[in-house]
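Throughout, read-outs are computed from the coordinates displayed, never taken from laboratory work. Because the structure is a prediction, the values reported are computed rather than measured. So basically every Cβ, Gly included, is an ideal-geometry build from the backbone, and we count neighbours across all protein chains shown.
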Amino acid sequence: MVPTGLEERVKSLEETSQLMRNVPGRLDRIEARLDDVQLQILRTREELLVAIGASADTVRGELRGEMQVMRDELRAEIRSGNEETRRHMGVLLEHAVAQMHALFDASRRPPQ
C-alpha cells in the first residue's frame, strides 16, 4: 500500500533513509566475511596441494617398489628360460651328433 498523506510519506522516507544508512556497515561486514572465506579457500588449496603432493610421492614410491619386484621376477624368469633353452639345445645337439655318427657308421658298412 502506497502512503497517501504527507506525514506517511515523510515517515516512509525516514525509514528508507535509516535502512540506507545501515547499508555501508553491512557491506563492510559482508566484505570482511568474503575476505575471510577467500583466505580459508587459499589455505585449503595450499593444504590440498601439500596433501596431493605427499600422496603422489607415496604412490610413486609404491609403484617404483612394485616395478622393481616385477623387474626382478621377470629377470629370474628370463634366466630360468635361458637355462632351460640351453639344456634343451644340449640334448638336441647330443641327439644330432648321435644321428651323424649313426649315418657315418652306416655309410662305412659294406652293402648287403
Do any residues in segment 27-49 that are in contact (Cβ under 8 Å) with a residue 40 or more places away in the chain have Cβ atoms under 9 Å from those of residues that are polar (S, T, N, Q), where the two are at least six apart or on different chains, and which pairs are they? none
Right, residue 7: part of a helix (DSSP H, G or I) and surrounded by 10 or more Cβ atoms within 10 Å (Cβ to Cβ) or not? no
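Would you confirm whether any residue within segment 56-63 is more than 36 Å from the chain's Cα centre (by Cα), part of a helix (DSSP H, G or I) and small (Gly, Ala, Ser)? Give the steps one after another, and end with the answer.
First, pick out the residues of segment 56-63 that are more than 36 Å from the chain's Cα centre (by Cα): none.
Within segment 56-63 (the criterion being more than 36 Å from the chain's Cα centre (by Cα), part of a helix (DSSP H, G or I) and small (Gly, Ala, Ser)), the answer is no, since none of the residues qualifies.
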